[in-house]
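Worksheet for the structure shown next.
Where a number appears in this text, it was derived from the coordinates with a stated rule and is not lab data. Owing to the predicted nature of the structure, the values given are computational and were not obtained by experimental measurement. All Cβ positions, glycine included, derive from the backbone under ideal geometry; neighbour counts span all protein chains shown.
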Amino acid sequence: MIKIINILIYSLLAILPFGQLTRLPIPHPNINLYLHDILISFIIILWLTTKPKKLPSLAKPIALFISACLISLILAIPRFQPQQLLVSSLYLIRWTAYAGLYFVLKDKRIKLPLYRLMVFSSLALAIFGLTQYLLVPDTRFLAAAHWDDHYYRVIATLGDPAFVGIILLLGLILAIIAKFPVWLYPVYLIPLLLTYSRSTYLSLVAAAVAYSFFKRRFKMFVFALLALAIVLTFLPRPGGEGVKLERLASISQRAENYREGIAIFKKSPIFGVGFNTLRFYRQDQVSHAAAGLDSSLLFILATTGLVGLIAYLNLLKNLWRKSIAITISLVALLIHSFFQNTLFYPWVMIWFWILLATEYS
C-alpha cells in the first residue's frame, strides 16, 4: 500500500505544473474539481487504511481551525440555502484534504526526496511560463471565460500572474536552501519578473531580507536589491496596463475590496458569515474572484470571524521556525497574502503542506 501511495505522490507533483489544464468537467458553475483533488483523495484514503499510529504535532492547531470553519458554516444556515452551504462546505473539505497531505508525508514509512520533486515541479511551471510568454503573450482572449485579460505577462498554466509568481518564488527559495545549481535560479527569476506582479516582487524582497537575516549575509541582500532595481528598469513593456508597475487602477480596486471585506466582517464579527460563502453573499455566480478577498487574513476574518482568525494565527504560530525553508517561505506567503488570497490558493496550499512535511533545513 505504501508503494502505491508513493506512486500517487510522484504523480501529484508531476501534474501540479499543468495547473488549470487539469480541471475536470463539472456541470455545476460554482464547483471546481481538479485531477490533483482526485489524487490527494486517494492518497488520504489509502494512507488511512494503513492504520497510522501517531499524528504529528500540528494535528491540534489544524483541528481547531477546521472546527472554527465548521462552526461558522453551521451558524450561517439561516443566511443561505442548503445547496449554497453544501457548495461552500466543499472548500473546507478540500482544505482538510490538502492538510491531510502533511499527515501522510510526515509518516516515517513514506520515504521520498520531496524537496527535489518540488523543485522539479516548480521548474516545470517556470518553463511553461516562459513558453507561454514567448508563444502566446496576448492572453486577452481568456476574458471570454471570465479570466482577467493579460497582455505580455507570464500566466503559465494557472491563468494568474500573481499566483504563478508566488509559486516560482517558493520554488526558488527551496532551490537556494537545498543548494541546487546556481544556473537554475534564472530559470525561476526570468518568468517571475515577467509576471509583472508587484505583490510577488514585494514577497521576493521580503524573502531576501529573511534569508539575509538567517544567513547573516546583509551585503548580499543589498547587492541583490540593487540588481533587482536595475532589472526592473529594463524589463520589456510592449504595451498594456498590466506591465506598468506604476499602475494605480488595481490599487484603488484592492482598497475597495478591503473596505468590502471589513464591512462583511462587521456584520458578523465573532464567527463570520460562513467559511467560503462570499460568492453567495455577493450573489456573483460568474467571476473567478467572487469567492475570495484580496487578503487571506481578511478573507478568514470576514468568513470565520475573530474565532477563525485566532485559530488560523495559532496554526501559523506553530509553523514558525520549523525550518529555515518553512520560515522564509512563510514570510513570502504572508506578504503576498496581503494583496491576494494566496494562503487559500489550491496550488499554494498543496506546496506548503508538502513543504511542512519535509521540514528541510
Q: Give a residue-ordered list of calculated ³J(HN,Hα) values for segment 202-215 (Karplus: 6.51 cos²θ - 1.76 cosθ + 1.60, θ = phi - 60°; whole Hz; x for Gly, Pro).
A: 5, 5, 4, 5, 4, 5, 5, 4, 4, 5, 4, 5, 5, 8
Q | ³J(HN,Hα) computed for each position of segment 318-329 - Karplus, 6.51 cos²θ - 1.76 cosθ + 1.60, integer Hz, glycine/proline x | A | 6, 7, 4, 6, 5, 6, 5, 5, 5, 5, 5, 4
Q | Longest DSSP-loop-exposure-free segment, chymotrypsin sites (Phe, Trp or Tyr not before Pro), the chain, at most 12 other Cβ within 10 Å | A | 1-233
Q: Find how many whole Å separate the alpha carbon centroid of segment 224-238 from the alpha carbon centroid of segment 1-40.
A: 36 Å
Q.
Could you work out the relative contact order of the chain? I mean the mean sequence separation of Cα pairs under 8 Å and 6+ apart, divided by the number of residues, in percent.
A. 22 percent
Q) Comparing ILE350, ILE26, ILE324, which has the greatest mean-square fluctuation in the GNM of the chain with Cα pairs linked when under 10 Å apart? A) ILE26
(Q) Taking the Cα centroid of segment 96-129 and of segment 293-318, what is the distance between the two, rounded to the nearest whole Å? (A) 25 Å
Q: Sum up the charges of everything whose Cβ sits under 15 Å from the Cβ of LYS53, counting Lys and Arg as +1 and Asp and Glu as -1, but leave LYS53 out.
A: +4
Q. Between rounded, prolate and oblate, where does segment 1-156 land on the alpha carbon gyration tensor, with a ≥ b ≥ c its root eigenvalues, rounded for a/c under 1.5, else prolate if a/b exceeds b/c?
A. oblate
Q: Could you please state, rounded to a whole Å, how far the C-alpha centre of segment 51-65 is from the C-alpha centre of segment 74-93?
A: 25 Å
Q | For TYR34, distant residues with modelled amide H under 5 Å away | A | LEU24
Q: Note the full-extension length gain between LYS108 and TRP320 as 0.36 nm times their separation in residues minus their Cα-Cα distance, in nm to one decimal.
A: 74.1 nm
Q.
What are the ³J(HN,Hα) couplings of segment 162-168, residue after residue, when phi is run through the Karplus curve with 6.51, -1.76, 1.60 and θ = phi - 60°? Round to Hz, x for glycine and proline.
A. 5, 6, 4, x, 6, 5, 5
Q) Whose amide H sits under 5 Å from the amide H of ASP138, counting only residues 5 or more places off or on another chain, with H placed in the peptide plane? A) TYR152
